[in-house]
Amino acid sequence: MNPYVISQAPLVLGFALLLIVASFRPHQKESLSGLISIVALGATAVCMWFWPPDVTDYFGGAIHVTPVGRVLAYICLALTAGAMLLSDEYLNKIHVTAVDWRMVVLAVGMGMVNLCLAGDLPTLFIAYELVSIPSYLLAGFSHRDPRSNEAGMKYLLLGAFSSVLFLLGLSFVYGATGETNLLAIHDKLAAAVSTGAAADLVLAKVGLALILGAVFFKVGVAPFHTWLPDVYQGSNLASLAVIASPVKVAVFGMLGMLLWGAFEPLADLWKPVLLCGAAISAVMGNLQGIRQTSMKRLVAFSAVVNAGFILLGIMAHSATVVIFYLGSYGIMSLGTWAAFMAMGTPKADVDELSDLTGLGRNHKWLALAMTIILLSFAGIPLTSGFAAKFGVLLEALRPDMDTPRHTVQVLLLSVVGGLISFYFYFQIVRAMWIEKPESRGSKASPLVPELRWNYVFVLAMSVVVIISLGMFLRLPGL
Amino acid sequence: MNLFSLPNCLALSLTLVLIGSYGVFRRRSLIMVLLSIEVMLNGVNLSMVSFNFFRWGTIESSHYLYMLSIGVAAVEAAVGLSMIIVLFKNYTDITRERISRLNETGAPAGDGI
């Protein structure tokens, strides 16, 4: 039987099982569904492990398995499993039915795997939507909370708008090449570039521009990032652990593979566009980020800044660096959400910066883990965040690559942006360790009910990964 | 003069997309916004079908994409309408600018969705 079908079967079966659990035990407090969904995600990863090691096509090229896509799919599955693990107690706290939430997350998981493996336009579009539509639901999942409703609706309207642009781009690319298979599109575009078929090239370029715009919208690259902080602020933390960590990895990975694969002949167009996106993200993300006092909004602007760096990596055409950056970013943001979930009181989440005051006194280990994650976000040496940023800069400056003009200036801008972002990460560190609870006139440090094993496990995993990636792993070229 | 040509069909489809995007940004009722997104999607579908008909008539591959996109549009509308119902329960209103509780701390209410 087709190995691809076997690898997707656990996700579908898991979804069906969750549906059965939902109809027979529709209570909030049950952890059976968590077990089922983690087993399903794990089984998919194991099945993918046994695929033939070389590049393979399934269904006549609709699924195109490359080593890069496989690694990204593993990262997505692992991060989704981590988010599942985190959700257990938190979902009870915010009165969300756990089974329903997990079904939606499994659907996202399936979409992410297929997004990394898509080989033609219909698969790409369906996988993109299978990631997007459940994400809108996740953002609006706490349906009793008006802010969550607003976040979900905002995400849905803007996301649907960007999906339409994406589809329009795909349609133009199809119109220019007459192919839906991505490899065939690459060949047709290369032929058009070498023969100089102007009409086809113009169509394909318009299509590419629309696709880039839509994906920038989706991942929140400045100047299309205005919705991102609002959506983060309204969503619950468990959903954020999915839509802000594995989903970003999958969509950025898809963008990278699309540009390096099918649109490689049009590199003259997309390299400057990515460079622009990176420059604007570095400026806007940092300048708006330093004003924030809400933690979720702050993390949203940090996501914008990181998106800029990932775009630089994609522009540098280096799969290793992009995978490294995405993996490190994914685990850092998963760790952040885990820490926020652990900090909340039984009634509410922490959100304001002043809520964290004095955390270092009362809960040393939690504050230490959070500090390490923040240092990695800021890009202090010996953390994975530093290795990832450094790798991106080195690859972008690689002499054998024809970078567009002004690359050096944009890199400098990103580095300066990185220095500015120190300020807003260290604001949190200062609140946790240095400030006394009384000095801000706020209440005492947030009550941590008890550090549950799943928070401890995910936090410990992310700290271990951050430090080991930062200290022991050597990037090619580093 | 034959009006039924690729440029005309593309112009029609782009007009639909533009009308839809005007609606997405300017209409106040959320239901009208969802309808505008549907108009945009139909414009895109029209462009796919017309590319297929006028340029690459021998292959049907774009028809699959077009049919899939109709299905996806239906799913999106279903999710959107259910969200509108939940919004109406909480706000008793589905006008965009009145649904604006997310903003920076201390700042006045946002511009809405």
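Every number here is computed from the coordinates shown, using simple stated rules; none is lab data. Note that this is a predicted model, so its numbers are computed, not measured. Because the Cβ atoms are built from the backbone with ideal geometry, glycine has one as well, and the counts that use them run over all protein chains shown.
What to note about this one:
- Fluctuation leader among B:V24, B:V75, B:V33 - chain B, Gaussian network, Cα springs under 10 angstrom: B:V75
- The stretch A:192-341 pair-distance distribution - Cα-Cα, 5 Å bins, rounded %: 2, 10, 19, 21, 19, 12, 8, 5, 3, 2, 1, 0
- Cα pair distances exceeding 19 angstrom across the stretch A:322-430, given as percent: 53
- Order of A:E150, A:E89 under a 10 Å beta carbon neighbour criterion, fewest first: A:E89, A:E150
- The mean number of Cβ atoms from other chains found within 10 Å of a Cβ in peptide B:88-101 is 3, as a whole number.
- Folded to 0 to 90 degrees: helix A:384-396 orientation relative to chain A principal axis, Cα: 20
- Pairs of alpha carbons in the protein assembly as shown whose separation is greater than 30 Å (percent): 51
- Note on the stretch A:263-478: the alpha carbon radius of gyration divided by the globular reference 2.2 N^0.38 Å gives 1.08.
- Separation of alpha-carbon centers, the stretch A:173-209 and the stretch B:1-54, rounded to whole Å: 23
- Residue among B:S62, B:S29, B:S100 with the largest mean-square fluctuation in a Gaussian network model of chain B, springs linking Cα atoms under 10 Å: B:S100
- As a proxy for reagent exposure, ranking A:D57, A:D268, A:D200 by other Cβ atoms within 10 Å from fewest up yields A:D268, A:D57, A:D200.
- Globularity index of chain B, i.e. its alpha-carbon radius of gyration over 2.2 N^0.38 Å: 1.39
- Each Lys or Arg adds one and each Asp or Glu takes one away; over the other residues whose Cβ falls under 13 Å from the Cβ of A:Y155, this sums to 0.
- Among the residues of A:114-127, the average count of other protein chain beta-carbon atoms within 10 Å of the residue beta-carbon is 2.
- Backbone amide hydrogens, once placed in the peptide plane, bring A:T56 within less than 5 Å of A:V65, excluding anything fewer than 5 places away on its chain.
- Mean per-residue shielding of peptide A:175-181 is 5, counting Cβ atoms of other chains within 10 Å of each Cβ.
- If the convex hull is drawn through the Cα atoms of the stretch B:14-62, its volume per residue in Å³: 53
- By the count of neighbouring beta-carbon atoms within 10 Å, fewest first, B:T92, A:T320, A:T383, A:T371 end up ordered B:T92, A:T320, A:T371, A:T383.
- Count Lys and Arg as plus one, Asp and Glu as minus one, and take only other residues whose Cβ is under 10 Å from that of A:H64; the net charge is then -2.
- In terms of its C-alpha gyration tensor, the stretch A:70-187 comes out oblate, because a/c is 1.5 or above while a/b does not outweigh b/c.
- Hydrodynamic radius by Kirkwood, which averages 1/r over all alpha carbon pairs of the stretch A:356-410, in angstrom: 13.6
- Relative contact order for chain B, counting Cα pairs under 8 Å that sit 6 or more residues apart, in percent: 22
- Divide the volume of the convex hull around the Cα atoms of the stretch A:1-157 by the residue count and you get 108 Å³ per residue.
- Charge tally in the Cβ shell below 15 Å around A:A278, where Lys, Arg are +1 and Asp, Glu are -1, A:A278 excluded: +2
- Centroid-to-centroid separation of the stretch A:382-434 and the stretch A:84-154 [C-alpha atoms, Å]: 31
- Chain A: relative contact order in percent, alpha carbon pairs under 8 Å with at least 6 residues between: 14
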